[in-house]
1. Looking at region 49-165 only, what percent of DSSP beta bridges run antiparallel? Nearest 5 please.
2. What does the charge add up to near Leu284, with Lys and Arg as +1, Asp and Glu as -1, over the other residues with Cβ less than 11 Å from its Cβ?
3. Rank the residues Glu336, Glu305 as a footprinting-exposure proxy: fewest other Cβ atoms within 10 Å of their Cβ go first.
4. Once you have the Cα-Cα distance between Val316 and Glu159, take 0.36 nm times their residue separation minus that, and quote the gain in nm to one decimal.
5. By how many nm would the segment from Thr46 to Thr90 grow when fully extended, if each residue of separation counts as 0.36 nm and the alpha-carbon distance is taken off?
6. I'd like to compare 258-264, 30-36, 127-133: which one has the highest average count of other Cβ atoms within 10 Å, and what's the full order after that?
Amino acid sequence: MLLELTNTMRTQGRTAYLSYGSGAQNPNFFASSLALQAYVLNKDGTTLVEKLANFNAQEEVGSETRYFSSEQLHHLIVALTAYDFFRGNTNPSLDFSVDSAGKNLLKGSFHTAAQTPLESSFLYEELDEKSPITFSATGSGEASIVFGTEFVPAEVSAEPIYRGMDVKKVIQKLDTATNKPTGPALTSAKAGDLVVVTIQVVLPDYSAAVDIVDPVIGAMDALDDNIYGTSSDNFQYYAYPRFYDYWSWYMWGAFSQKEFLVDRVVFHGQNIWAGTHSVSYNALVNTDGEFVLPPAKAFDTFQPELMGLSAGGKFVTKSLTQSDAASWCLKWEHRELQMDALPAYLNIQNPSTNGPDVVPITPDGAQSGGSLSQGQIIGLAVGIPLAALVLIAIVVGAFKFMQGRSEKSTALKEAKSSKPEWFDQKKLYLDVETTGDS
C-alpha cells in the first residue's frame, strides 16, 4: 500500500505531496497528512518522507494561515506531531556549524522545539573560490540546511531559463477601445504608445505561494490600476492579503494581489494549482532610445530555488518613423486635431506619402522630395526684397508707437498737476491708454 502511495507522490525542491491519483498534478491535502502518519508508523525515515513532512508544515510567507477544514487541520497536527516524535524533534540537542577556508559562516544550537530558524548572508567575494563549504552537526534531532545564492547575470539570456517554472513574457499594443492587448509581440514602440505587458507562468506542480516579479523597461512607466483603472484582466487585485485567501483562486484568479513599485511590478499568488496562469499590466512608453528588456521572474516564496525566467533582449523606442530632421506643418483650421488622429493625418505609416494638407519641411527650408524648381527660384528672388520692405515698415511703426507713448506720458503728468479733488488718477490713466492705443 505504501508503495502505491509513493507512486502517486510528486516531488518539488524541498517538498513532496500526494496527488489525487497516478498522473494527477494537484495535491490531496487530506491524503498527504494520512500518508505521513503511515510512513511514520512504518518507521520510514527516507528523504522523501522528510519532504512530505515539509509540505504538510509549510505556510505562505507573510500571510494568514491557510484555510483548512477542521478534519484536515486535525490530521495535519496529528501527522506532524507523530513525525516530530519519530525524528526526535520534540526534545532536540543539536549543535551545528557551517565553515569555509577556516572561516565560520553560520553556527548555532537547537535545544528547544520552539526555537526559530537561524540564517546568515554574505557576499560572494568573502568566500574562497577554491575552498568547499562544509556542514557539520552533532547531537540528536533533525536539521534541514538550505544554501542559496542571489546574483545578477553578466548577460541577459535570450532564451527562457527553467528551474521548475516556465515563464514567458510578451509586449503588445493596447486597444484603448477594449482595454485589451492587440497585434503581434513588440520589440519596438514609439514614445506615447500604450502597451500591455503579459506574463505567462506554467507550473508542473502545486505551490503554496508564488511571486511574479517583472522589472519595468527603462523606456516605460507601469500604470497603477489603483490610480488609472487600467487593468487589462478581469480580476480585482488587493494590496494586502485577505483572510481565507485560500478561496481567492476560485473567486478572483490565482494571483489576487498586485503591487506597483518604482522599478517593477509584483504579483502575489497563494495556493497556486498546477497549470498555466497569466497576469498583465498596462504601461506607457515615454523615453526614446535602446533599452534592455529584462526577464520576468517567477518563484516559489517557500522554496525560491523553484523558479523560472522569461527570455530577455532589447527594446527600441523612438518618437516618429520619420527622420529626426523632418517636421510637420499643420493648417490653422486643423490646430485642434486630437492626438489619436495624428498618425492617420500625418500618414506616418507611409513616410513616402505626405498626409492631407501637410508639408514636410527639411532643415534647409525646402520641401522634401527634390531640388528647387525654376518657379521656386523666381519666387525667392521676388520674396526676399518684399520681406525687407515689410521689415522696414515694422521698424518705422514701432518708432512712431514709442513716440506716441512718450507724448501720452507728458499729458498725464500735466493732468496730475492741475487735477480737482474728485479726480480719479487711475481712471484717467486707463482712459488715456485705451483712447491712445485705439
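1. Working: 15 of 15 bridges.
Restricted to region 49-165, the bridges split so that about 100 percent are antiparallel.
2. Working: positive: none; negative: Asp193, Asp221.
Spelling it out: positives minus negatives among the neighbours equals -2.
3. Values: Glu336 6, Glu305 15.
So the residues, fewest neighbours to most, are Glu336, Glu305.
4. Details: separation 157, 0.36 × 157 = 56.52 nm, distance 1.89 nm.
So the extension gain works out to 54.6 nm.
5. On the way: separation 44, 0.36 × 44 = 15.84 nm, distance 1.90 nm.
Stretched fully, the Thr46-Thr90 segment lengthens by 13.9 nm.
6. Details: 258-264: 14.3, 30-36: 21.3, 127-133: 10.1.
Top of the packing list down: 30-36, 258-264, 127-133.
No lab work stands behind these numbers, since they all come straight from the coordinates. The model shown is predicted, which means the values in this text are computed figures rather than measured ones. So basically every Cβ, Gly included, is an ideal-geometry build from the backbone, and we count neighbours across all protein chains shown.
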